[in-house]
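Written out below as structure tokens is the structure these notes cover.
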Amino acid sequence: MSEETGPAERSEVAGRDVDEARDLFAGAYNAGSMIIEPTESAFTFRYTAIGDDELTLRATQFTGRVTGTVLTEGEYIVSWLTAGSGATDLAGAPMQLVHGQPAMFANDRLAEFDFTDYRQNLMHFDGTFLERVAGEVEGTSGPILFDTTARPTGEQLRRWAASVTSVARVIYDDTSPAVLRAEANRSAAIALLETFPHTALHAPVEIGLPDAGKTRAAIEFMIANAHLPIRTEDVAAAVGMSQRSLQSAFRREHDITAIDYLRRVRLDRVQEELRKADPGLTTVAEVASRWGFAHLGRFSASYTNRFGEYPSTTLGS
């Protein structure tokens, strides 16, 4: 929750050694009985990752054919090919991957795969993080079961691609403030939930009415710490509530989630800055980014809906 956090962590491994590649992917994906065979070109591989403990953006590249099994545990993974060929879940619900079309990994069970001369982009979501966001926006709890056969198309695919581009721009920028990166992670999680059909394995549970004083204390905590990348668990812990109680209280008393209330607080801070700023020296994008709003189109719509004017109008007044 520090305001002065460093850039996202980066890693890159590349080479021509088959055993090194096998060890790397076995560790990253719990890959078992992994077989690597040469194709027409000499074998090469590359693996890159950037992100934090909530979300990492990764890319793999193989010159060769690789087959085996993968076991995803404690995280949710979505991937899409950009070159070559690949098929997943061969012993479950076999799916041939299509360039540019994202697909979910099977979760908590072995899945066979077969890839040849390929490049692949992936997003790894920490399981606890994604389940928490699902709880905030959908009122569920616990593990999520995604439909691994679903393939977004049309407008749904365009929205997903736009979200990925917006999130990647923030994560790859070492100057992005921590609060903006946290919002980008959450935006990616919501996009995943909106794009892929899923079922929560634990149904929502009704709870008792919490102490109203704690709800007020939660709001005070948000106001005091809105400039930091705080999460709902930080707010709940600060006032001695469970996350479920916190969410229930805000839905009942304010008809919005706790995280949406925090976003309103940050919108208020943006308005304050725009009113005081010199339009010749400051841009709306700079202020919005400082308060965690990565997607300017959605930010502008939210701002206009809340204050009845465009943010550029506030800045120029």
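Check residue 74 against each of (1) more than 20 Å from residue 27 (Cβ to Cβ); (2) small (Gly, Ala, Ser); (3) in contact with a helix residue (DSSP H, G or I) (Cβ under 8 Å, 6 or more places away or on another chain) and name the one condition it does not meet.
(1)
Would you mind finding the one in 30, 121 that is at pLDDT below 95 and in contact with a Leu (Cβ under 8 Å, 6 or more places away or on another chain)?
Among 30, 121, only 30 is at pLDDT below 95 and in contact with a Leu (Cβ under 8 Å, 6 or more places away or on another chain).
Which ones in the stretch 69-96 are polar (S, T, N, Q) and open to solvent by 20 Å² or more (accessible area, probe 1.4 Å)?
69, 82, 85, 88, 96
Would you check which residues across the stretch 220-244 are of a type in the set (Gly, Ala, Ser), out of contact with any Leu (no Cβ under 9 Å at 6 or more places or on another chain) and either at pLDDT 85 or above or within 15 Å of residue 133 (Cα to Cα) (or both) and list them?
Within the stretch 220-244, 237, 238, 240, 242 qualify.
With respect to the numbered conditions (1) open to solvent by 60 Å² or more (accessible area, probe 1.4 Å); (2) under 16 Å from residue 121 (Cβ atoms); (3) not basic (Lys, Arg), which one is the sole condition not fulfilled by residue 25?
Among (1) open to solvent by 60 Å² or more (accessible area, probe 1.4 Å); (2) under 16 Å from residue 121 (Cβ atoms); (3) not basic (Lys, Arg), residue 25 violates only (1).
So, restricting to strands (runs of 3 or more DSSP E) that lie completely within the stretch 97-207, which ones have at least 3 residues that are under 21 Å from residue 87 (Cα atoms) and open to solvent by 10 Å² or more (accessible area, probe 1.4 Å)?
Because the criterion is at least 3 residues that are under 21 Å from residue 87 (Cα atoms) and open to solvent by 10 Å² or more (accessible area, probe 1.4 Å), the strands (runs of 3 or more DSSP E) in the stretch 97-207 that meet it are 110-126.
Go through (1) open to solvent by less than 30 Å² (accessible area, probe 1.4 Å); (2) under 24 Å from residue 177 (Cβ atoms); (3) touching a Ser or Thr at 6+ places or on another chain (Cβ under 8 Å); (4) not polar (S, T, N, Q) and name the single condition residue 230 misses.
(3)
Among the residues of the stretch 7-23, count how many are aliphatic (A, V, I, L, M) and either over 24 Å from the mean Cα position of the chain (by Cα) or closer than 17 Å to residue 65 by Cβ (or both).
Number satisfying all stated conditions: 3.
Within the group 254, 295, which residue is at pLDDT below 85, out of contact with any Leu (no Cβ under 8 Å at 6 or more places or on another chain) and closer than 28 Å to residue 174 by Cα?
It is 295.
In the stretch 68-92, how many residues are within 24 Å of residue 14 (Cα to Cα) and not in a strand (DSSP E or B)?
Looking only at that region, the number is 1.
Would you confirm whether any residue within the stretch 47-67 is assigned to a loop (DSSP other than H, G, I, E, B), free of Cβ contacts under 8 Å to residues at least 40 places away in the same chain and open to solvent by less than 40 Å² (accessible area, probe 1.4 Å)?
Checking the stretch 47-67: not a single residue is assigned to a loop (DSSP other than H, G, I, E, B), free of Cβ contacts under 8 Å to residues at least 40 places away in the same chain and open to solvent by less than 40 Å² (accessible area, probe 1.4 Å).
Only one of these conditions is not met by residue 149: (1) among the β-branched types (Val, Ile, Thr); (2) farther than 27 Å from residue 244 by Cβ; (3) within 17 Å of the chain's Cα centre (by Cα). Which number is it?
Of (1) among the β-branched types (Val, Ile, Thr); (2) farther than 27 Å from residue 244 by Cβ; (3) within 17 Å of the chain's Cα centre (by Cα), only one is false for residue 149: (3).
The values are calculated or read from the model by the stated rules, or taken from the named source; none is laboratory data. Just so it is clear, the model here is predicted, and its values are computed rather than measured. FYI the Cβ positions are ideal-geometry reconstructions off the backbone, even for glycines, and counts take in every protein chain you see. With ligands, DNA and RNA removed, areas are computed over all heavy atoms of the protein, side chains included. Shrake-Rupley method; radii C 1.70, N 1.55, O 1.52, S 1.80 Å.
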